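J.: Okay, here's the structure, questions in a sec.
The values are calculated or read from the model by the stated rules, or taken from the named source; none is laboratory data. If you're wondering where the values come from, they're calculated on a predicted model, not measured in any experiment. Here the Cβ positions follow ideal geometry from the backbone for every residue, glycine too, while neighbour counts run over all protein chains shown.
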Amino acid sequence: MLNGKVILVTGGTGSFGHHFVDYVLEHYKPKKVIIYSRDEYKQFVMDNDYKDHRDVLRFFIGDVRDEARLEMAMQGVDYVIHAAALKQVPACEYNPNEAIKTNVNGATNVINASLKAGVKKVVALSTDKAVNPINLYGGTKLVSDKLFCAANAYGGDEGTRFSVVRYGNVAGSRGSVIPFFQNIIDKGGKELPITDYRMTRFWISLEQGVELVIKALEESQGGETFISKIPSFKITDLAEAMLPGCEKPEVGIREGEKLHEIMITREDSLHTYEYEKHYIIYPHYNWWRDRDIIPGGKLVAPEFEYSSGTNTEWLSVEELRQKLKTDLDKH
């Protein structure tokens, strides 16, 4: 579906953006892929990394806070992937107004610019922290998710379609625990600190994250939230997989940190359908039509919750060790 199309990625110089470009160039023949971000040096590095694809890649310096610049960048664009955000929990807590400007006002600007430019579909990247948020980052992403889902009311029957994909920290991405542990190991450390021995997380690779976005582009009718079915792991098991036999001192949970990642709440279960490899939370608005539910799904049980702490699929220490090789080494 991306052959001959123009795609714009906000925040496209990050981990997701790099792998999205790799995936699209390998599987499709797009007319153009536009990387929209505010860091000129990262764009310079990425441009050199993809120097053999300069006939396809374009780089726009711009901030999602700037609606006029977004409108200019989106001229002739078919699909938008919104990955730009302030994501660091402590930074958002200390700079709340800046987080709101990027994560909330920026989302509004992306929506308005997409509608004005006649973009076909927009997929916004979300996070588990938007579910029952306990920190400002999660709060801003919850508002962002709501904005994107509600925006479908403005597009009309033939207008822009907006959907959301949700996952936790992608394995190996900046901000995840893996590079934190690896940095300690690289410096010769013999112990890996654990904030809480009970802590669990979901495992999703960059490739799985990109594939979920592609699925949303292909299938969304507007307003859905897509969530991958993925395994869980214990943080203590990850530490053992990365540094066998290491000491694991418990240092206490950080402010704004959760014990488990939650992707689907019990309240959302009333509108959630399970498919072979993913879940979809359908919108609950008066403009939503049941006929737009994608075939092949089954409504989940009442009060179903999708949490890394109560998941049915778990990775062992050895399986984690293998995942670290297969999912991360190639990136």
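J.: For the condition in contact (Cβ under 8 Å) with a residue 24 or more places away in the chain, surrounded by fewer than 21 Cβ atoms within 10 Å (Cβ to Cβ) and among the small types (Gly, Ala, Ser), what is the one hit in Gly106, Gly62, Gly17, Gly11?
T.: Exactly one residue qualifies, and that residue is Gly62.
J.: A further question on this structure: Go through the stretch 47-91 residue by residue and tally those that are more than 25 Å from Ala113 (Cα to Cα) and not acidic (Asp, Glu).
T.: Counting residues in the stretch 47-91 that are more than 25 Å from Ala113 (Cα to Cα) and not acidic (Asp, Glu) gives 9.
J.: Can you name the residue in the stretch 275-312 that is modelled with pLDDT under 95 and among the acidic types (Asp, Glu) and, of all such residues, is nearest to Thr200 (Cα to Cα)?
T.: Filtering the stretch 275-312 for residues that are modelled with pLDDT under 95 and among the acidic types (Asp, Glu), the one nearest to Thr200 (Cα to Cα) comes out as Glu303.
J.: Could I ask something else about it? Cβ contacts < 9 Å: first residue more than 18 Å from Val251 (Cα to Cα), restricted to the stretch 173-194; second residue buried (at least 19 other Cβ atoms within 10 Å of the Cβ) and of a type in the set (Phe, Trp, Tyr), any location; separation 6+ or different chain. Result?
T.: Close Cβ pairs (under 9 Å, with a partner that is buried (at least 19 other Cβ atoms within 10 Å of the Cβ) and of a type in the set (Phe, Trp, Tyr)) amount to Ser173/Phe16.
J.: Something else: Just to be sure, is Lys325 within 22 Å of Val210 (Cβ to Cβ) and surrounded by fewer than 19 Cβ atoms within 10 Å (Cβ to Cβ)?
T.: Answer is yes for this residue.
J.: A further question follows. Look through the stretch 21-58, keep the residues that are assigned to a helix (DSSP H, G or I) and of a type in the set (A, V, I, L, M, F, W, C), and return whichever of them is nearest to Val110 (Cα to Cα).
T.: Val21
J.: For the stretch 86-101, how many residues are part of a helix (DSSP H, G or I) and touching a Ser or Thr at 6+ places or on another chain (Cβ under 8 Å)?
T.: So the answer is 3.
J.: Of all residues in the stretch 226-256, which are among the small types (Gly, Ala, Ser) and either farther than 24 Å from Lys129 by Cβ or part of a loop (DSSP other than H, G, I, E, B) (or both)?
T.: Ala241, Gly245, Gly252, Gly256
J.: Oh, and also: So Asp55 passes all but one of these: (1) surrounded by fewer than 18 Cβ atoms within 10 Å (Cβ to Cβ); (2) touching a helix residue (DSSP H, G or I) at 6+ places or on another chain (Cβ under 9 Å). Which condition number does it fail?
T.: Status for Asp55: all satisfied but (2).
J.: Restricted to the stretch 169-204, and to residues that are within 17 Å of Lys323 (Cβ to Cβ) and β-branched (Val, Ile, Thr), which residue is surrounded by the most Cβ atoms within 10 Å (Cβ to Cβ)?
T.: Selected residue: Val170.
J.: Still on this structure: Output the number of the condition that Asp47 fails; it satisfies all remaining conditions of (1) among the charged types (D, E, K, R); (2) touching a Leu at 6+ places or on another chain (Cβ under 8 Å); (3) closer than 26 Å to Leu147 by Cα.
T.: Going through (1) among the charged types (D, E, K, R); (2) touching a Leu at 6+ places or on another chain (Cβ under 8 Å); (3) closer than 26 Å to Leu147 by Cα one by one, Asp47 breaks only (3).
J.: Return the total of residues in the stretch 269-286 being assigned to a loop (DSSP other than H, G, I, E, B) and surrounded by 11 or more Cβ atoms within 10 Å (Cβ to Cβ).
T.: Residues flagged as assigned to a loop (DSSP other than H, G, I, E, B) and surrounded by 11 or more Cβ atoms within 10 Å (Cβ to Cβ) within the stretch 269-286 amount to 6.
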